[in-house]
Structure formats: structure tokens, C-alpha cells
Amino acid sequence: MFNRSLVLSIFNIGARTYSSKLIRLNHPKRILRKRPIFAERSDFKIQLANMSSGDTKFVTYNEVQNLKDNKTVLLIDVREPQELKETGIIPGSINIPLSILEQTLTGTPSDEFHAQFHRDKPDLDTPLVFSCKAGIRSSKAQNIAAKLGYSNVRNYKGGWLDWEEHVKKN
């Protein structure tokens with residue numbers, strides 16, 4: 001602890017990432033203990049998903065634009081269906097809301113996946129690109145996919161807002 005601050009460092013071996021975050025403490029004495037407190041990994045799930053690092057794999061607008069006709073890469077929008085009705089969806093992407101992403105990738109049989117999304121169910125080595133409105137939920141989706149064993153996952157960090165801005169310029 002330095003100057004009423006705490007440095008939290010996270011090593012994510014599965015996703016091969018390292019992140020550090022400086023946390024300011026209002027009452028540092030309240031968290032000090034005589035013995036360490038161990039927490040379950042799930043307690044930090046949301047915080048870890050929001051921490052980015054230099055190793056995180058991102059794609060740009062131009063790369064996403066080139067993916068719309070690419071059948072080897074699966075572009076997945078993780079927003080809720082109601083959001084898509086209000087804004088639209090990036091051409092070539094399929095919608096799997098973040099709330100059911102893990103269940104869909106692990107529990108949906110291949111024939112049902114194909115019937116619903118008109119795309120083959122991804123193998124663990126299928127390149128996946130996740131998008132959302134601004135990049136936060138897609139970052140969480142990227143972490144979920146990596147945890148499930150997908151080896152080639154990327155995040156369109158700017159998401160729909162970046163896509164829409166570029167489309168308006170053209």
C-alpha cells in the first residue's frame with residue numbers, strides 16, 4: 001500500500017494477460033487484517049473483465065469492415081436484441097447476447113446453432129470477434145471465450161459507436 005493506495009495486479013494465465021490497477025482507498029485501516037483473506041475467483045469476475053492490458057487483442061473498424069463477407073471468422077454482437085432493434089447491427093455479425101454467450105457456445109448442439117445463426121458452430125480454433133455498443137461487454141465476452149478454450153478471440157473495442165461514426169463519415 002502506497003500513500004493510501006493499493007496496487008492490484010492480476011495474472012490471467014488462460015487469456016495470457018497481465019493487468020495492474022491503482023486503487024485509491026478512503027479508509028485503508030478498514031481493510032488491513034492480521035491474516036490474509038482469500039476470495040473466490042468469481043468475486044473478481046466483473047472487475048477482471050473490465051481491466052485491459054497490452055496483450056488484449058483488438059480489431060479496428062477497417063478490419064471489421066473486411067470481415068462482413070468472411071465465412072472463416074465469426075463476428076458476434078453481444079448486445080441484447082432490443083438494442084439491435086434500436087440501432088442496427090454490423091453487417092455479417094450474429095447476435096448472441098452476453099447473458100447467454102457461455103451457454104450458447106457450450107450447450108447448443110451444432111445443428112441447432114446452424115439453424116439459429118446460419119453459421120457453423122465455432123470450433124475452439126475458429127477466429128471469433130466480439131462487438132457490443134462501446135467495447136465493454138465485448139471485452140467480457142472475449143474473456144469468457146478464452147476461459148472456454150477458444151484460442152483466437154478478438155474485441156472490436158469501439159463497438160457499434162465506432163462503426164456508426166465511421167459509416168456516417170463515408
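Return yes or no: is Ala134 touching a helix residue (DSSP H, G or I) at 6+ places or on another chain (Cβ under 7 Å) and assigned to a loop (DSSP other than H, G, I, E, B)? Yes.
Considering segment 95-116, the residues that are in a helix (DSSP H, G or I) and touching a Ser or Thr at 6+ places or on another chain (Cβ under 9 Å) include one that is surrounded by the fewest Cβ atoms within 10 Å (Cβ to Cβ), namely Gln116.
Number of residues in segment 147-170 that are of a type in the set (Ser, Thr, Tyr) and closer than 15 Å to Arg79 by Cα: the value is 1. For Val167, the conditions (1) of a type in the set (A, V, I, L, M, F, W, C); (2) at pLDDT 95 or above; (3) part of a helix (DSSP H, G or I) are fulfilled apart from (2). Residues in segment 79-94 that are assigned to a loop (DSSP other than H, G, I, E, B) and among the polar types (S, T, N, Q): Ser93 alone.
Filtering Pro127, Pro122 for residues that are under 12 Å from Ile76 (Cβ atoms) and out of contact with any Lys or Arg (no Cβ under 9 Å at 6 or more places or on another chain) leaves a single hit, Pro122.
The values are calculated or read from the model by the stated rules, or taken from the named source; none is laboratory data. Remember, it's a predicted structure, so these values are computed and weren't measured experimentally. For neighbour counting, all protein chains shown are included, and Cβ atoms are generated from backbone atoms with ideal geometry for every residue, glycine included.
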